[in-house]
Amino acid sequence: AHLARIDAVDEKVHAFLHVDREGALAQARAVDAKKAAGEKLGPLAGVPLALKDIFTTQDMPTTVGSKILEGWIPPYDATLTRKLKAADVVILGKTNMDEFAMGSSTENSAYGPTGNPWDLTRIPGGSGGGSSAALASYEAPLAIGTDTGGSIRQPAAVTGTVGVKPTYGGVSRYGMVAFSSSLDQGGPCARTVLDAALLHEVIAGHDPMDSTSIDAPVPPVVEAALGGSVEGMRVGVVKQFAGEGYQAGVVQRFNESVELLKSLGATVVELDCPSFDLALSAYYLIAPSECSSNLARFDAMRYGLRVGDDGTRSAEDVTALTREAGFGDEVKRRVILGTYALSSGYYDAYYGSAQKVRTLITQDFEKAFEKVDVIVSPTTPTTAFPIGERADDPMAMYLADLCTIPTNLAGNSAMSLPCGLAPEDGLPVGLQIIAPAMKDDRLYKVGAAVE
Ligand code: GLN
């Protein structure tokens, strides 16, 4: 049924870069066979899923939305891919994304944009716009995203779906193509809080193949989603997540959510987190710095594209020609920015001070979580904007992540879930819930209560 739905709508939506029809049917039949033989089935047996094209898949291409990896079929499965298969999930295919997960609209994909199923002329968010669009268009009931600065939560917000950025280290990054390693985190996307929880439990957990993976039990997220409640909870509202640039309808729906939380028995506490104002600036030094280093491996020798290798050129020239042809504008902008920020003489002024800001943000969160159990905010300042509107204005694009970035810098967990439609444009608004590290279960407890 989902393959038929993809056939019917994906030409317009363009959520998928690759549909693995044969593989999906084979997986589905294998589940049937297991069932018929009375074998034990995995926890998500037979449930179809759309996988962001940033996770390596042994039997399918992995492009990361870039020309530089066009046609590359990885020799191994990411830990997350392996866990999905072990849970008997049916992987439908790989979803569109901003190149190397750099963007907030999926317009930076080398393979063309994805439409928002609510209005195909608008963006589905990014970088994981393919995954969120697949959910909103009913092409898949579950999807996987990655969130470096908001790429799970912002697409969820603008498509009226649920997305969770687990605690940093909660889900293995092994086989997840690196953008900014200290921020990148894979996580579940779904249409309901409980669905997200069921997927979360399947993909989370310690992995010796990822040295930053946390060696501790997975927070009980399914139990929390089944027992939604905010009774007696302290909920923080941060002063800095408001003001200029926030759309009236977004603010209205957010305020209504706060009233709902109160009526369900939560106490609302106002919080001051002054360093959050610096989060965007710090992020746009740290993320490009790490990306300039991570993307050095795309040298035309080891993976994918190779341009100009005609026997007359040096390896260095082939690398340069390949990177020139294979990377898009946003990726180049970030590699240049990051290389500059890390160069000798500038390190203290840029990267060094961004790291100090990062510590201040973590401390603001620590102080806040002495007073509250969770923090809530709008996920994004505005609803989905028209495709093309911010394409030539990187700063305007970067503002989409104003409320999501602090969480990545601190490494704690956060969810976006729908909280109604903005009255002025009828488009979905996202409510963000933020919890301390390894308290991901709180997101689901609160999310299930207000869903
Ligand atoms: N939009 C942000 C960026 O462009 C975040 C992307 C992400 O979370 N992968 O970097």
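The values are calculated or read from the model by the stated rules, or taken from the named source; none is laboratory data. Model, not experiment: these values are computed from the prediction. Here the Cβ positions follow ideal geometry from the backbone for every residue, glycine too, while neighbour counts run over all protein chains shown.
Considering (1) in a helix (DSSP H, G or I); (2) surrounded by fewer than 13 Cβ atoms within 10 Å (Cβ to Cβ), the lone condition that Gly245 does not fulfil carries the number (1).
Name the residues in segment 47-62 that are under 11 Å from Asn96 (Cα atoms), among the charged types (D, E, K, R) and either at pLDDT below 95 or in a loop (DSSP other than H, G, I, E, B) (or both), would you? Hit for segment 47-62 is Asp53, nothing else. Just so you know, in segment 249-283 the residues that are within 16 Å of the ligand (Cβ to nearest atom) and of a type in the set (Gly, Ala, Ser) include one that is surrounded by the fewest Cβ atoms within 10 Å (Cβ to Cβ), and it is Ser281. When Ser137, Ser132 are checked against the criterion of being closer than 26 Å to Leu25 by Cβ, free of Cβ contacts under 8 Å to residues at least 60 places away in the same chain and surrounded by 21 or more Cβ atoms within 10 Å (Cβ to Cβ), Ser132 stands alone in meeting it. Residues that are assigned to a loop (DSSP other than H, G, I, E, B), more than 16 Å from the ligand (Cβ to nearest atom) and among the small types (Gly, Ala, Ser): does segment 382-404 have at least one? Scanning segment 382-404 turns up at least one residue that is assigned to a loop (DSSP other than H, G, I, E, B), more than 16 Å from the ligand (Cβ to nearest atom) and among the small types (Gly, Ala, Ser). Of the residues making up segment 318-344, just one is buried (at least 20 other Cβ atoms within 10 Å of the Cβ), among the charged types (D, E, K, R) and within 14 Å of Asp299 (Cα to Cα), namely Arg323. The number of residues in segment 342-363 being out of contact with any helix residue (DSSP H, G or I) (no Cβ under 6 Å at 6 or more places or on another chain) and in a helix (DSSP H, G or I) comes to 8.
Asp77 meets the stated requirement of being away from the ligand (no atom under 16 Å from the Cβ) and either at pLDDT 95 or above or under 18 Å from Thr404 (Cα atoms) (or both).
Of all residues in segment 284-333, those that are at pLDDT below 95 and within 16 Å of the ligand (Cβ to nearest atom) total 0.
Scanning segment 438-447 for residues that are crowded, with 21+ Cβ neighbours inside 10 Å and not aromatic (Phe, Trp, Tyr) yields Asp440, Asp441, Arg442, Leu443, Lys445, Val446, Gly447. Meeting the requirement of 2 or more residues that are away from the ligand (no atom under 16 Å from the Cβ), the strands (runs of 3 or more DSSP E) wholly within segment 80-190 are 90-95. Cβ-Cβ distances below 7 Å connect the following pairs, each with a first residue in segment 29-56 that is on the phi > 0 side of the Ramachandran plot, a second residue that is surrounded by 12 or more Cβ atoms within 10 Å (Cβ to Cβ) and not β-branched (Val, Ile, Thr), and a separation of six or more residues or different chains: Gly46/Ala28; Gly46/Asp88.
Residues checked against (1) touching a strand residue (DSSP E or B) at 6+ places or on another chain (Cβ under 9 Å); (2) not charged (D, E, K, R):
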{"site": "Leu3", "(1), (2)": "yes, yes"}
{"site": "Glu11", "(1), (2)": "no, no"}
{"site": "Leu44", "(1), (2)": "yes, yes"}
{"site": "Gly65", "(1), (2)": "yes, yes"}
{"site": "Tyr76", "(1), (2)": "no, yes"}
{"site": "Gly93", "(1), (2)": "yes, yes"}
